[in-house]
Amino acid sequence: MSAETETSHRRWLWAAGVLLVVIALTAVGIAFFSNGDGEPTPIGSASATSTPSASAPVSEVAPTGCLGGPDRDAAMLLASQQGAQHSKEGATELATSFVRWLQRFPYPSLDEATEVSDRILAASSFTDDLAGYIADEPDLSGGIVATGENYFMSSVPGVWHVESASADEVEVTIGTAFVVNGSLSPTLRSSITITTEWEDGVWRISQADGTRTTQDLFAIGQPFTGGC
């Protein structure tokens, strides 16, 4: 492995460690209950609406947080990419799908990582070896979930906040909740800022950073209209 690749991996490991913060449910103003089949259902939220940039692409379709379907595989992510409109909402949908695909254990397969790297990542992205990064078995929970314990992220009680937007680049922070061993946590949240670029007629992922605490994000973010 080259020194450049190792540096890229270390940068990602650092980012994963800083983007996750445990917060109390009451602090973010979100409540939910189980509808009986394991899927959490939102029953209330508090959010603040931000004003998009005048140059931002415009759409009337608010992000569902579940574009591409409820699965967490490469097929879902590719379907999300194909269905995402050329708008800040479309970019938000792909960013959310990417978070749902990546941030989980067991990890995505290396074959899926290679496919996602080729078809979802931008030409200038945060890593040139996504499969190698996953093969290193990073702690994508940032220490929140015990090593080897199954978890994934749910966008049902999630939120989104556009940091900046232009016609062909959107930076959006995605908030999701941990589902650990099949149970949606009432307190564990994640915040990650994704930058997307419009390339070859679709949105692609170029950056992933920890820029906001979960408490900050859930205080200002807009809730998804659906989620999964």
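In this label model, SER109 and ASP200 are separated by 2.2 nm, measuring between points 7 Å along each Cα→Cβ vector.
Which of the GluC sites (Glu not before Pro) across segment 117-178 are loop residues per DSSP, with 15 or fewer other Cβ within 10 Å?
Values: sites: GLU149, GLU163, GLU169, GLU171; in loops: GLU149.
Those satisfying the criteria are GLU149.
Projecting the Cα positions of THR114, SER124, ALA95 onto the charge dipole of segment 74-151 (unit charges on Cβ atoms of Lys, Arg, Asp and Glu, taken about the Cα centre) puts ALA95 furthest along the positive direction. Taking 0.36 nm per residue of separation and subtracting the Cα-Cα distance, full extension of the segment from SER124 to HIS86 would add 11.8 nm.
Taking the centroid of alpha carbons for each part, segment 192-210 and segment 122-178 are 11 Å apart.
Each reported figure results from applying straightforward, stated rules to the coordinates on display, with no laboratory input. Just so it is clear, the structure is predicted and the values come from calculations on it, not from any experiment. With ideal geometry, Cβ positions are generated from the backbone for all residues, glycine too; neighbour counts draw on all protein chains shown.
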